[in-house]
Every structure is written in C-alpha cells, then in structure tokens.
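Take a look at the structure set out below.
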Amino acid sequence: MIKTKQRRAVLVTGSSSGIGYHTSMYLAENGFTVLATVRKESDATRLREMGNPNLIPFFPLDLTKPNQIESTSEKIKGFLHSQDFNGLYGIVNIAGGGSIAPIELLDTHAFHSELKTRILGPVILLQHLLPLIREAKGRILWIATPALIPSPFLTDIHACDFAVNFIARTLKLELSQSGISSILIRCGGIDTTSPQKTMNKLKESMSKWPYEKLRYYKPTLENLKKEFTEFDKKRTDPLRVARVIHRALTETKPHSRYRVGYMSGFAAFLELFPQPVVDWLLTRRYRNAGEAGK
C-alpha cells in the first residue's frame, strides 16, 4: 500500500449519535478515514452496516474508563501501522452529554462521569495518541459551547466547557513548535436528540428532588422549560457543524476558533463584555425568569 499525504485518518469520539455521528459520516464521505469510537457494540455494528469503507468503528471506548482508552489507543496504533498511514491526522473530541440542575441539587455522580468524559478521558487519550498526531503534524479539535459565561442550572455542561477552553488554548501554546493545531469548535443550539433527552431528565429529576430545596428554583426552572421549547425550534442542523469541522481539518491555516449554530454569535459577543457587566445582565435575566415562572 502506498503511503500518501492525501490519506488522512481522523479519530472522532461520540460517533453513535448527534454531532459525532454526523461528523463521522460527513468526513468519511469526503475522503477521510474515520476512526469512529462508540461505547456499544450495537452502535459499532450499525456504523459498519453503512457500508462506507472509510468509516471504521472502534469499540468499546468509554472515556470514563482508562483501561478502555489504553486498549483502544493500542488498536488504533495497530490499525494505522497496518494500513501504512502517516500517523493520525486528527482527534475530534465530541463525546459528552450533560444535565440541567441547580448546583444544590446536582447529581454529583453524573457530574463526575461528565468531567471524566469531557476532560480527563480526552487528556488520557491524547497522551496515548499525541506521538501519532505529531507524526502527521495533525490537529486536535474540541467541541464546546460558544461563550464562557455563567449559565444557571448548566454547571454540568459549562464547567466542562471552561476546562476544555483552557486545555485547548494551553495545548495551542505547548504544541505550537510541533506544527500541531489545537482548535475550538464553539457550538450554539444544535438540532440533535440530546436536548430532548436532557429535558426529559430534568422533568424526571424535578419529580424526585425534595420540595424543600426545589421550591427555591422551581419558578425559574418552569420558565426555562418554556424557553427551551421555543429555543429547540430554532436549533441548527448538525450537518453544519460537521462542515465546519471538515473546514477546520482541511484549511491550510486553520483558525484557533470556529463557531456554528443558533445563537452562537450572540453568546460569543456577550463574552466580550467585562465580567461584572455580564454578571449583572445575567442576574437580571435570572430574576426576571423566576418572576415569569410564577
């Protein structure tokens, strides 16, 4: 098999659904060999049945389990070597979920799992695969929300985004002499099944939380559910995210940040204001939401 610079392998985490699934399909259809990681055998089987030779599922990869990260990394190294690839051209970190809850009522077990899935797991994976990225002078992409601003009830999601932002920017500095790009893809509202799952989980949680604590947040949470119903109608097709990821992987001089999705521009604009101003604006909005929910 002839080794050419055009043959590029990219690893995509969270390929079973949502942005990860659409990204894996789009990249495979546009010339990349996609190493699509999933947690379940049924998802790996479904991807194989797509019949695209550029789409190679790898399972199991649960980013909360270091032993699976190590074994999957070894499988990837073996695959790339056997197929005579010039290293690994990219890692696209997409896997993750999240929930809605006040910090006082946050499921800390689930929060711990999310921190491992979105922060610790990707770092361990990178430690295993960075030599291959360095060989290909490749790129590391991170999916995050479009703005680093405090968002009530979204700690499970946005705390990870703050950390991802730090890691991506720090890697950009540390790896700059190696010719490796570390890139943030900042997503607004995207039309996947994840928001509905998150909302269903919120409704279930509210029915179980002790009322003596829930009562302090219930009016605002009820109003939030209404806002999300309207927000969901305007979410962006995940295929647009896949196209932005493809662009970040193929541009000769990629940007450090890209943004895509409903409200991503406004959120990024809000981030430009001084923190006290943003906190004041968000406090007013939070209080008004509480009044509207009563």
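Of all residues in segment 33-47, exactly one satisfies the criterion of being more than 21 Å from T193 (Cα to Cα), crowded, with 23+ Cβ neighbours inside 10 Å and touching a residue at least 40 places away in the same chain (Cβ under 8 Å), namely L35. Could you say whether any residue in segment 263-273 is assigned to a strand (DSSP E or B) and under 24 Å from M25 (Cα atoms)? Looking for residues that are assigned to a strand (DSSP E or B) and under 24 Å from M25 (Cα atoms), one finds none in segment 263-273, hence no. Every condition in (1) more than 21 Å from G97 (Cβ to Cβ); (2) without any contact (Cβ under 8 Å) to a residue 40 or more places away in the chain holds for A248 except the one numbered (2). Taking the criterion of being charged (D, E, K, R), over 12 Å from the mean Cα position of the chain (by Cα) and either on the phi > 0 side of the Ramachandran plot or buried (at least 20 other Cβ atoms within 10 Å of the Cβ) (or both), the residues of segment 117-168 that qualify are K137, R139, D156.
Within segment 70-82, residues that are free of Cβ contacts under 8 Å to residues at least 24 places away in the same chain have Cβ atoms under 8 Å from residues that are crowded, with 16+ Cβ neighbours inside 10 Å and not in a helix (DSSP H, G or I) in these pairs: K75/F58, counting only partners at least 6 apart in sequence or on another chain. For segment 199-219, a residue qualifies if it is more than 29 Å from the chain's Cα centre (by Cα) and loosely packed, with under 10 Cβ neighbours inside 10 Å, and the qualifying residues are P210, Y211, E212. Does S16 satisfy the criteria of being closer than 16 Å to A242 by Cβ and in a loop (DSSP other than H, G, I, E, B)? Considered against the rule, which asks whether it is closer than 16 Å to A242 by Cβ and in a loop (DSSP other than H, G, I, E, B), S16 comes out as yes. For segment 39-63, the tally of residues that are within 19 Å of K116 (Cβ to Cβ) and in contact with a strand residue (DSSP E or B) (Cβ under 6 Å, 6 or more places away or on another chain) stands at 2. Of everything in segment 220-242 that is basic (K, R) and over 21 Å from L282 (Cβ atoms), the residue that is surrounded by the fewest Cβ atoms within 10 Å (Cβ to Cβ) is K233. Among the residues of segment 43-65, the one identified as at pLDDT below 95 and of a type in the set (G, A, S) is G51. Within segment 137-170, being out of contact with any helix residue (DSSP H, G or I) (no Cβ under 9 Å at 6 or more places or on another chain), more than 22 Å from P195 (Cβ to Cβ) and not charged (D, E, K, R) holds for F166, A168, T170.
Scanning segment 89-116 for residues that are modelled with pLDDT of 95 or more, among the β-branched types (V, I, T) and buried (at least 21 other Cβ atoms within 10 Å of the Cβ) returns I91, V92, I94. The number of residues in segment 48-69 being surrounded by 15 or more Cβ atoms within 10 Å (Cβ to Cβ) and either in contact (Cβ under 8 Å) with a residue 60 or more places away in the chain or among the small types (G, A, S) (or both) comes to 1.
The values are calculated or read from the model by the stated rules, or taken from the named source; none is laboratory data. In this text the structure is predicted, and so the values were computed from the model without any measurement. Cβ sites come from the backbone with ideal geometry, for glycine too, and all protein chains shown count toward neighbours.
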